[in-house]
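Written out below as C-alpha cells is the structure these notes cover.
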Amino acid sequence: MITYLSYIQIWLRLLPPQMATDEARFVSVNSPITIGVALHNEQQCARSLVLSLAPLYSSKILVLDHCTDSTEEVIADTLASVPFTQQALFTIIKNEGEQGKKHAQRLMVEKANTPYCLVTDADCLASPEWELSVIEYIINNNPDLLLLPVGVVNTGYNLNKKIFALDFLSLQMATIGCALANNPTMANGANLCFRRDLYLSHDANTNYASGDDMFLLAEAKQQKKNIPYLLSQNAVVLTTLPKSWIAFFRQHARWLRKGTGYKDKDIVRLGWATFSATYLWPLLLFSLPSCLQWITLIVFTIKTSYEYLLLKRAEKYFNYHISIPSTLLFALLYPLITTIIIIFTLFKSKKSW
C-alpha cells in the first residue's frame, strides 16, 4: 500500500494542473510520419475512422487483418466519398500472413517509407491538430518512442460507462505520471509514435497476437532510448468505451494475458503494487475482528482519497466529469472487477486480439 500511494504522490507532484494547448505551427508537404491502423472486423467504426483520417496530409496505411465482416467494403465506400487528393494518401493492405494485431501492425511498419510511424486504433477519433502536434514535437525533440494521451468518447454517464471511464482514465494517469517521473511503465497502442527502425529491430514477441506497445516500450527502455510523453491537448485521441461488461472483461483479460510476457522490472513492480493495494482493504475486512474494522476504513479512505485526487486531474486533462460517488463506487467494486478479470484471463488465449 505504501509503495502504491508513493507512486500516486509522485505523480500528483509532477502532473501540471492542465494539459498544454499550444497551437501547432508545423506546415509542410513532406511529413516524417506514416499513420497506421490495424483492423479486424471493424465495420461499425471503419467509416468514422476514414473520415477522421482523411483530412490529414500524412500517408495512411490501413491493414485488414483477416476480416470476415464488411470492413473492407465500408472503407472502400467511404474513400469513394472523399476528394481524390485525400484518397491518394490511403493504402489498404490485407494481412495474408499469421492473424493478429502484432503481425498486421508489423506489416504496416514494413510498408511505410517514413522515419516515423504514428499508430492508432480503429475505434479512435482524432482532430487535425493531432497530426500537427506530433510532427512538430518530432522535429524539435527527435524521440525514439513518443507516448501520447488517450481520452474516452463521452457517450453518457450511466453506471457502466462511469466505471469503464474511471478504470481507463486511471490507467492513463498512471501512464502519464510514470513518464513524467522519467520511468515510463505503460504505453497505449491507441496513440503511439515510434521510429520505424526501432520497431523493425525489436523482438516483437509473436507469442502474443495483441498489440506491441508494451513490449516495444520495454525494449526501448532497455536500450536507453529517448521515451518522452507529449502532454498536449492537441495530441489527444479519443477511444470508445466497451459496449458491455463482457467486452470490458475480455479487453482487460487480453491486456493481463499479455502482461505475463513483461520482463521490465518497473512494469512488474507497479503491477504488483497496484494488485496488493487493491486487495489490502478486502483482506482486512474479512480477517480483522469487528472491533478493529476502523483500520479497514482508514486504509480504504486513504487509498480512495489519493485515487480521487489523481482522477480529478484526469477530469481536467480529458474533459470527463469525475464525481465523489462514482469514485467511491469504483473503489468498492474494483477488487471484484479485478477478480473477474483474472478469471477471464485464465481462459484467454495469447493468440486473441
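The values are calculated or read from the model by the stated rules, or taken from the named source; none is laboratory data. Keep in mind that this is a model prediction, so the values were computed, not measured. FYI the Cβ positions are ideal-geometry reconstructions off the backbone, even for glycines, and counts take in every protein chain you see. In case anyone asks, the SASA skips ligands and DNA or RNA and just uses the protein heavy atoms, side chains included. Shrake-Rupley method; radii C 1.70, N 1.55, O 1.52, S 1.80 Å.
Remarks
- Pairwise FRET efficiency - L14 versus Q223, Cβ, R0 = 22 Å, nearest 0.05: 0.35
- Calculated diffusion of segment 237-341, Stokes-Einstein form, Kirkwood radius summed over Cα pairs, 4 °C and 1.567 mPa s, µm²/s: 82 µm²/s
- In this label model, I302 and F347 are separated by 3.9 nm, measuring between points 7 Å along each Cα→Cβ vector.
- DSSP finds beta bridges in the chain, and of those with both partners inside it, around 30 percent are antiparallel.
- Computed from point charges on the beta carbon alone (+1 for Lys and Arg, -1 for Asp and Glu), the dipole magnitude for segment 1-125 about its Cα centre is near 460 Debye.
- Loop-resident trypsin sites (Lys or Arg not before Pro) (DSSP state other than H, G, I, E or B) in segment 229-292 with no more than 14 further Cβ atoms inside 10 Å of their Cβ: K243, K263.
- For the peptides 38-48, 105-115, the ranking by packing is 38-48, 105-115, with the highest mean count of neighbouring Cβ atoms within 10 Å listed first.
- With 0.36 nm allotted per residue and the present C-alpha distance subtracted, the A181-V268 stretch has 29.7 nm of extension available.
- Summary of packing: across the peptides 278-291, 222-235, 325-338, the per-residue average of other C-beta atoms within 10 Å ranks them, highest first, as 222-235, 325-338, 278-291.
- Solvent-accessible area per residue, Å², over segment 225-308 with all protein chains present [probe radius 1.4 Å]: 54 Å²
- Estimated from helices alone, the mean residue ellipticity of the chain at 222 nm is -17000 deg cm²/dmol (sum of -39500 (n - 2.57) over DSSP H runs with n ≥ 4, per residue).
- Rounded tilt (10° steps) of 293-318 against the dominant C-alpha axis of the chain: 20 degrees
- Between 0 and 90 degrees, the angle of helix 2-14 with respect to the longest Cα principal axis of the chain falls at about 50 degrees.
- Dipole in debye (nearest 20) - the chain, about Cα centre, beta carbon charges: Lys, Arg +1; Asp, Glu -1: 980 debye
- Cα shape, segment 24-145, gyration tensor, a/c 1.5 rule: oblate
- Selection from L148, L125, A314 lying farthest towards where the dipole of the chain points positive, charges on Cβ: A314
- For T3 and S48, a Förster radius of 45 Å and the Cβ-Cβ distance give a FRET efficiency of 0.65, rounded to the nearest 0.05.
- Relative contact order %, the chain, counting alpha carbon pairs below 8 Å whose residues are six or more apart: 23 percent
- Radius of gyration (Cα atoms) of the chain, expressed as a multiple of 2.2 N^0.38 Å: 1.00.
- Shape parameters for segment 1-80, alpha-carbon atoms, Rg then Dmax in Å: 19.7, 57
- Among the protein heavy atoms of segment 211-283, carbon and sulfur supply 59% of the accessible surface, probe 1.4 Å, non-protein parts ignored.
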